[in-house]
Structure formats: C-alpha cells, structure tokens
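J.: Supplied in structure tokens, the structure appears directly below.
The values are calculated or read from the model by the stated rules, or taken from the named source; none is laboratory data. The structure displayed is predicted, hence computed values, not measured ones. Reconstructed Cβ throughout: ideal geometry from the backbone, glycine too, with neighbour counts over all protein chains shown. Surface accessibility is based on the protein's heavy atoms, side chains included, excluding ligands, DNA and RNA. Shrake-Rupley method; radii C 1.70, N 1.55, O 1.52, S 1.80 Å.
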Amino acid sequence: MNHSGVACDKKTASFEVVKDRNGIDQVVLQNSRGASARVSLHGGQVLSWKTDHGEELLFISSKAIFKPPTPVRGGIPICFPQFGKRGSLEQHGFARNKIWVMDDHPPPLQPSDSSGKSFIDLLLKPSEDDLRIWPHGFEFRLRVSLSANGHLTLISRVRNINCKPFSFSMAYHTYFSISDISEVRIEGLETLDYLDNLCEKKRFTEQGDALTFESEVDRVYLGSSDTVAIFDHERKRTFLIQKEGLPDVVVWNPWEKKSKSMTDFGDEEYRQMLCVDGAAIEKPITLKPGEEWTGRLELSYVPSS
Ligand code: TA6
C-alpha cells in the first residue's frame with residue numbers, strides 16, 4: 001500500500017488531489033479501466049462518479065452553488081447528525097457544510113475494503129462551534145472507494161469519544177442522474193411502510209409493485225432490505241444500492257413547483273434526477289462512550305432491458 005492509500009497491484013488504481021475554484025482539496029479516484037470518482041473535502045461530498053467511458057452517473061445541478069458552507073446541490077451530501085430540520089441544527093445537520101481532513105492513519109477496515117481499490121479516508125471532528133450547537137464529542141471517518149469494476153463504496157464510521165451517550169441520524173443523500181423521471185422505477189420498497197414528508201410525516205404503506213413518479217415524492221421508507229434497484233428504461237441501466245447499517249431509504253423528487261422554489265436547482269432539472277438515500281432515520285442510532293457505528297453503501301450499475 002503506498003502512502004496515498006492505493007493498493008499496489010499490477011494495474012495500480014490512481015489517486016490524486018486537485019484544488020477546486022475555492023482552493024479546497026478534491027480527491028480524484030481512478031481505476032485501471034478509467035472509471036473515476038471525485039470527493040471534496042468540503043462536506044466529504046462525492047461530487048462525481050463516472051463510468052469507464054467518462055459518463056457521469058450522479059446529478060449535479062447546473063445552478064449548484066460552489067461556495068462553502070453551502071452544500072453543493074447534487075452528488076452525495078453526508079447528512080449528519082440529523083436528517084431534516086429540527087432544533088438549532090441546520091437542515092440535514094452540519095457535516096456536509098464543514099471542511100473534512102484526510103485521515104492518514106485510520107483504524108483498519110476489512111482487507112476487502114482496500115484490496116484492488118482506489119480509496120481515500122476522510123475525518124470530521126466537531127469544532128468548538130459545533131460542540132456549542134451539538135454537545136457530543138465524535139469522530140466521523142468516511143472511506144470512499146472505487147473498485148476495479150467501477151463500484152463506488154462509502155463507509156461511514158461514527159465513534160462516540162464523549163463521556164456520555166448520544167444519538168444521531170444519518171443519510172447518504174444520493175442524487176442519481178437519470179434519463180427522465182418518467183422512465184424510472186424503483187424496486188425493493190414494495191409493501192414497506194413509509195413516512196410521507198408531504199403529509200406531516202404520517203405513516204403509510206407502499207402498495208405499488210414498483211415505485212414510479214407522476215408528482216413530487218418525499219418519503220422515508222422504513223426497514224428496507226439491503227438492496228434497492230433503480231431501473232432507468234431509457235438508458236437501459238439499473239443502479240444497484242447495497243447497504244449495511246442503513247435500515248431506511250429516502251426517496252425524493254421535488255417535481256415542478258418545488259424545483260422552481262430552489263435557487264440552486266433548474267426549473268426542469270427534476271426530470272433528470274432522483275434521490276434514493278441509504279439512511280438511518282426512523283430509529284436514531286445511540287452510541288455509548290467509546291462505541292462505534294458503521295454505515296456502508298455500495299453503488300453499482302448494470303445494463304438492463
Ligand atoms: O427528503 C429529502 C429532503 O429532506 C427534501 O425534503 C428536500 O428538502 C431535500 O431533502 C433536499 O434537502 P437539501 O437540504 O439538500 O436542500
């Protein structure tokens with residue numbers, strides 16, 4: 001393993017650090033086939049995930065604001081320590097608004113989390129300001145890796161370094177790039193209960209065979225299996241979401257009216273994106289002092305008819 005955290009094998013994957021327009025480091029991961037991913041130290045946010053042929057798989061709004069602390073609209077914002085707006089914390093918590101650091105000596109993961117992969121380890125610790133609004137000492141370690149077959153994996157490890165327990169919610173707020181919202185369906189959420197953010201978070205039960213979209217959807221599906229699939233009929237592509245430690249799935253498409261109300265989002269862009277987030281929301285995670293939680297998300301895609 002060389003210093004940049006890349007497994008040294010014959011076709012070594014590569015890893016480089018570049019600066020964005022604000023001078024903030026971004027890490028570009030590349031595999032031997034030319035697939036790539038880009039992670040910003042602003043928010044620990046994945047901003048790009050491309051195929052071997054350079055096709056972008058994640059959505060970034062053409063009106064995204066690239067100016068910290070505003071989170072970029074798109075990619076995979078890390079929502080922690082809460083999802084949604086509650087109390088004095090901002091919507092979806094502060095982790096996505098902060099500058100993370102590269103973690104040169106993270107506690108080891110499983111060998112399979114490194115071998116043959118290009119990866120970066122990031123770390124977020126609370127500042128004095130953060131502790132004033134959320135008085136819990138934590139270490140949030142994020143590993144982003146790109147495998148030889150182009151799978152993108154995010155592994156979050158949250159450790160309580162406090163002397164008292166705390167609870168948190170977390171979501172990988174994943175903006176998938178799709179051909180058109182009329183062309184996609186989600187499988188893997190059938191028969192699940194969900195909380196509907198458009199109806200005061202009331203609880204309903206999903207009846208559909210597969211989830212399709214004809215209007216704004218903003219739901220938290222509860223207790224899902226660890227695999228969810230997004231079929232894009234037009235592109236003949238299926239995104240696979242495989243997750244561990246993330247029992248819930250957020251599904252969000254703003255549709256026309258809400259799109260027009262977001263300054264960092266194009267009026268028609270709701271047609272080209274869909275958020276399907278691996279998350280732990282309904283039952284916040286409680287950590288005793290010294291305890292650590294791991295939430296793992298693996299994204300891949302396969303051709304489909
Ligand atoms: O359920 C997803 C959601 O909470 C929506 O209500 C919408 O607010 C979306 O997240 C985007 O949130 P953001 O803070 O990224 O604008």
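J.: Charges at C-beta only: +1 for Lys and Arg, -1 for Asp and Glu. How large is the resulting dipole of the chain about its Cα centre, in Debye rounded to 20?
T.: Charge dipole of the chain: 700 debye, to the nearest 20.
J.: Okay, moving on. What accessible area per residue comes out for the range 3-303, rounded to a whole number of Å², with a 1.4 Å probe?
T.: 43 Å²
J.: Compute the distance from the alpha-carbon center of the range 19-39 to that of the range 248-305, in whole Å.
T.: Computed from Cα coordinates, the inter-centre distance equals 22 Å.
J.: Here's something else I'd like to know. At a Förster distance of 22 Å, what's the computed FRET efficiency of Ile161 paired with Asp104, Cβ-Cβ distance as r, to 0.05?
T.: 0.75
J.: Add -39500 (n - 2.57) for each DSSP H run of 4 or more in the chain, then divide by its residues: what number comes out at 222 nm, to the nearest 500 deg cm²/dmol?
T.: Estimated from H runs of four or more residues: -1000 deg cm²/dmol.
J.: Let me ask you something else. Too long at a 25 Å Cα-Cα cut-off: which of Lys202/Lys288; Lys19/Lys63; Lys67/Lys236; Lys50/Lys117?
T.: Cα-Cα > 25 Å for Lys202/Lys288; Lys67/Lys236; rest within.
J.: I would also like to ask the following. Along Cα→Cβ, 7 Å out, is where each label goes; now give me the distance between the ones at Phe204 and Glu292 in nm to one decimal.
T.: 4.1 nm
J.: Summarise the accessible area of the range 3-303 (1.4 Å probe, protein heavy atoms) by the percent that is carbon and sulfur.
T.: 51 percent
J.: Rounded to two decimals, what is Rg over Rh for the range 150-305 when you use alpha-carbon atoms and the Kirkwood radius?
T.: 1.00
J.: Under the 0.36 nm per residue contour assumption, what length would be gained going from the current alpha-carbon distance of Ser300 and Ile24 to full extension?
T.: Roughly 96.6 nm would be gained on extension.
J.: Working out 0.36 nm times the residue gap between Lys257 and Glu214, then minus their Cα-Cα distance, what length gain in nm do you get to one decimal?
T.: Fully extending the segment from Lys257 to Glu214 adds 14.2 nm.
J.: Kirkwood hydrodynamic radius, computed over distinct alpha-carbon pairs, for the chain: how many Å, to one decimal?
T.: 19.6 Å
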